[in-house]
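Accompanying notes for the structure given below.
The values are calculated or read from the model by the stated rules, or taken from the named source; none is laboratory data. The structure presented is a predicted model; accordingly, all values stated were derived computationally and were not measured. Here the Cβ positions follow ideal geometry from the backbone for every residue, glycine too, while neighbour counts run over all protein chains shown.
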Amino acid sequence: MSKARLYSGMQPSADSLQIGNYIGALLQWRDLQESYDAFFSVVDLHALTVPNDPAELREKTRRTAAQYIAAGIEPSKSTLYVQSHVSAHAELAWILSTITGFGEAGRMTQFKDKSSRYGAEASSVGLFTYPVLMAADILLYQTAIVPVGDDQKQHVELTRDLAERFNARYGDTFRVPVPMIQQDTARIYDLQNPTSKMSKSAESTAGVLWLLDDPSASAKKIMRAVTDSEGVVRYDRNAKPGVSNLLVIYAALTGRQIPSLEDEYAGRGYGDFKKGLAEVVVNEFGPVRERALELLADPAELDRVLAKNADHAASVAEETLSTVYDRIGL
Ligand code: ADP
Ligand code: NA
């Protein structure tokens, strides 16, 4: 039996990914690529929904791809490509936008959040139609499973609605995908502000742990992480968000259970605990960082790998797109 298809992607919105992208996405993708026919893209078209410097965008896209590979996504096993290299994404997005209700798109909470942050005048139509492009990304590949964070669940619901609507109007064309929502314990919070999600596009980066940071800089950030005055290493998301966040990171990177970490650090202070975690982080990210920098030192080879993978993605996507054109009379 052939493997079920899986699709996921990330925006190239910074020079480095952060540890939340690694724990919440890349670690899972690495495992999932074994049992699924996985497509992982760097969604540079999505990144255009906020202002970008062209040279910087191109560099961030390359760096994001290099970090996928360094974290263990194998371009010989998965299809790892850059979204804009496959023109079918933009083409299908247009078609899908014509069957999306204006009110339906307006109900997307991420658009409401982002547009209120930038202001209505500064928000583009692209930001508004972003979820339609995401639906195209997923549906082009006849995707079965979409691993996403909580915040993207509504967009996958829209994708399902659009697939069902198109199928009902024009005949069975798209597979209706199912979201795979990451567990709460895979969610990482900002080290300085442990009730808000760590993000590579955060305004303040003091509490963000970067994959490509110098190991000593990461260790320093962990030593300075916000905790509380209780002095006990104990998991309690509400009362102790800082310590709980550090425990989650520790457990995710070592494969250990939180209670076993609580036992290990019972009767010891936060200093010891943070030192232990800093060591884990440095050991885990040292090799990932080195591998990413190695890949980035040979951009021609990296571009070749990405082009080859984009060719494969395009061949799959074109098949869906030509059926779509045929069904709707183009
Ligand atoms: P960011 O907020 O860093 O720009 P994205 O929105 O591009 O992240 O998300 C890319 C992937 O990383 C998604 O699968 C998302 O669920 C995951 N992710 C992002 N931030 C976190 C986090 N703080 N904890 C866990 N997973 C995260
Ligand atoms: Na591949």
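Each row is one residue, and each column tells you yes or no for (1) acidic (Asp, Glu); (2) exposed (fewer than 15 other Cβ atoms within 10 Å of the Cβ).
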site	(1), (2)
GLU264	yes, yes
GLU279	yes, yes
ASN283	no, yes
PRO287	no, yes
ALA292	no, no
ARG304	no, yes
ALA307	no, yes
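Within the stretch 181-235, being in contact (Cβ under 8 Å) with a residue 12 or more places away in the chain, of a type in the set (Asp, Glu) and over 28 Å from PRO259 (Cβ atoms) holds for one residue alone: ASP213. Would you confirm whether any residue within the stretch 157-175 is outside any helix (DSSP H, G or I), loosely packed, with under 15 Cβ neighbours inside 10 Å and in contact (Cβ under 8 Å) with a residue 40 or more places away in the chain? So far as the stretch 157-175 goes, yes, one or more of its residues are outside any helix (DSSP H, G or I), loosely packed, with under 15 Cβ neighbours inside 10 Å and in contact (Cβ under 8 Å) with a residue 40 or more places away in the chain. If you go through the stretch 198-251 and keep only what is within 13 Å of ligand 1 (Cβ to nearest atom), assigned to a loop (DSSP other than H, G, I, E, B) and of a type outside the set (Asp, Glu), you end up with MET198, SER199, LYS200, SER201, ALA202, THR205, GLY207, VAL208, LEU209, LEU211. Checking GLN33, GLN83, GLN18, GLN67 one by one, the residue that is out of contact with any Pro (no Cβ under 6 Å at 6 or more places or on another chain) and farther than 20 Å from LEU306 by Cα is GLN18 and no other.
For the stretch 245-274, filtering for residues that are more than 24 Å from ASN193 (Cα to Cα) and under 24 Å from the mean Cα position of the chain (by Cα) leaves 2.
Just give me the residues in the stretch 177-195 being part of a loop (DSSP other than H, G, I, E, B) and loosely packed, with under 13 Cβ neighbours inside 10 Å, in sequence order. Full working, then the answer.
Let us first name the residues in the stretch 177-195 that are part of a loop (DSSP other than H, G, I, E, B), namely 177, 182-183, 187-188, 190-195.
GLN183, THR195 - these are the residues of the stretch 177-195 that are part of a loop (DSSP other than H, G, I, E, B) and loosely packed, with under 13 Cβ neighbours inside 10 Å.
Can you confirm whether the stretch 21-29 contains a residue that is in contact with an Asp or Glu (Cβ under 7 Å, 6 or more places away or on another chain), surrounded by 22 or more Cβ atoms within 10 Å (Cβ to Cβ) and closer than 20 Å to ASP214 by Cα? No - not one qualifying residue is present in the stretch 21-29.
Of the residues THR129, THR109, only one is surrounded by 19 or more Cβ atoms within 10 Å (Cβ to Cβ) and polar (S, T, N, Q); which?
Values: THR109 fails: surrounded by 19 or more Cβ atoms within 10 Å (Cβ to Cβ).
The match here is THR129.
Contact map, the stretch 20-44: first residue touching a residue at least 12 places away in the same chain (Cβ under 8 Å), second residue part of a helix (DSSP H, G or I) and β-branched (Val, Ile, Thr), Cβ cut-off under 6 Å, separation 6 or more or different chains; pairs are VAL42/THR61; VAL42/THR64; ASP44/THR61.
Screening the stretch 176-193 for residues that are in contact with a Lys or Arg (Cβ under 9 Å, 6 or more places away or on another chain) and closer than 25 Å to LYS221 by Cα and picking the one that is farthest from ligand 1 (Cβ to nearest atom) gives GLN192.
Which one is farthest from SER2 (Cα to Cα) among residues in the stretch 53-83 that are hydroxyl-bearing (Ser, Thr, Tyr) and crowded, with 19+ Cβ neighbours inside 10 Å? Before the answer, list the steps.
Just the residues of the stretch 53-83 that are hydroxyl-bearing (Ser, Thr, Tyr), to begin with: 61, 64, 68, 76, 78-79, 81.
Subset that is crowded, with 19+ Cβ neighbours inside 10 Å: 61, 64, 68, 78-79, 81.
Numbers: THR61: 31, THR64: 29, TYR68: 24, SER78: 14, THR79: 15, TYR81: 21 Å.
Among those residues, the one meeting the criterion is THR61.
Taken residue by residue, the stretch 112-133 has no member that is on the phi < 0 side of the Ramachandran plot, basic (Lys, Arg), modelled with pLDDT of 95 or more and assigned by TED's automatic domain parsing to the domain that holds PHE39.
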